[in-house]
Amino acid sequence: MSLEEIKKLIEKEKEAEKIIEDAKKKAEEIMRRARREAEKIIKEAENEDYLEEFKKRLEEEIKAEREKALKVFERRVEELEKLGKKNLDKAVEALVSAILGGGRGGG
Amino acid sequence: MEVSTLISEVERQAMEEAEKIIAKAREEAEKIIEDAKKKAEEIRNKQKQAVMRELEQKKTVSLATIRLEGKRKVLEVKYKYLRLALDKAEEILKEKAETGDEDYLKALERLLVEALSQVDGEAVIFVNERDRRRVEGILEKLGVRRVTLSDRHVDITGGVIVQSRNGKQIFNNSLDARLNKIKDEIGGELIEILFGGS
């Protein structure tokens, strides 16, 4: 091997080292970017803004159920009012007859 | 080996090594992002579950309050009509007693007989002023003895109060007492009459 050839080989070896060095730098950059991206992904998840919408939706569901339950009772009260009015005289008659009719003495 | 071949080999090996380094970094980077996505999903799920638990509790309390309030309103309506029935019955009884209605007069006799049967020995009968003559008539008609009709008039709507001479036994068969007793006794029946099975 001539001196010239040895020089060329050394030169190539240096180039090869540089290629590997550059690849290592590029790899580090890839990893850095990945870590940054991962951090961003987790931070976004920790940020609870999106929960507001979720919470709002559930609260609306609760409100709807509440109103439904209220209406059921309102209807029931109305129905009882009607029945009470309709049957009041019958109840009075039953009371008067129970008192005057005997069988449920005092003491 | 020729020098040119050697040089090419050095270059090829370097390229191969560089590619390996980058491929490994890409693979690791993908894993880092994948893990982060999984972690983010876990965080979101935990947060959602916490919110759901909180709202579920809120919902339970809210619905229980409505149910209690609703039941209270239902009871209020039932009580209102029960009270109305009792008041109206009281008015009717008062009117019947005042006017000497036939039903009342029959009842008065029955109330007297029943009260006397509950008191041993000699009895003292207390009535209101209006019923005095009526009771005298009944006693005469029935031929009841060993009783005294008290001169002291009591403040009752109608009916009688009978007391043993020694004061140890007393039987209150006034309309007022019967109405009071009956409201406890037939409260359930009245509710049934007023509201059916409701």
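Structure values in brief
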item	result
Calculated from backbone phi, Karplus (6.51, -1.76, 1.60) coupling profile of the range B:31-47 in Hz, x at Gly/Pro	5, 4, 5, 4, 4, 4, 5, 4, 4, 4, 5, 4, 4, 4, 4, 4, 5
Magnitude of the charge dipole, the range B:100-196, Cβ model with Lys/Arg +1 and Asp/Glu -1, debye to 20	440
Links that overshoot a 19 Å alpha carbon limit, given the list A:24/B:38; A:8/B:20; A:43/B:38; A:56/B:71	A:24/B:38; A:8/B:20; A:56/B:71
Hz values of 3J(HN,Hα) by residue in the range A:67-82 - Karplus curve (6.51, -1.76, 1.60), Gly and Pro given as x	5, 4, 5, 4, 5, 4, 5, 4, 4, 5, 5, 4, 4, 5, 4, 4
Ranked B:111, B:93, A:51, B:82, criterion: other C-beta atoms within 10 Å, fewest first	A:51, B:82, B:93, B:111
Cα-based Rg / Dmax (Å) for chain B	46.7, 155
Relative contact order (percent, whole number), the range B:100-196, Cα cutoff 8 Å, 6+ residue spacing	31
Between the range B:81-123 and the range B:124-198, the Cα center-to-center distance that results, in Å	6
The protein assembly as shown, dipole about Cα centre (Lys/Arg Cβ +1, Asp/Glu Cβ -1), debye to the nearest 20	1640
Per residue, the convex hull volume that the Cα atoms of the range B:100-196 enclose (Å³)	110
Lysine pairs with alpha-carbon atoms under 17 Å apart, the range B:76-163, spacing 8 or more or separate chains	6
Cα→Cβ-extended label distance, 7 Å offset, between residue B:65 and residue A:64, nm	2.1
For chain B, calculated [θ]222 nm from helices alone, where every DSSP H run of n ≥ 4 adds -39500 (n - 2.57)	-26500 deg cm²/dmol
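Taken together, the values in this text are just the output of simple stated rules run on the coordinates, not laboratory data. Quick caveat: nothing in here was measured; it's all calculated off a predicted structure. Ideal geometry is used to build each Cβ from the backbone, glycine not excepted, and the neighbour counts take in all protein chains shown.
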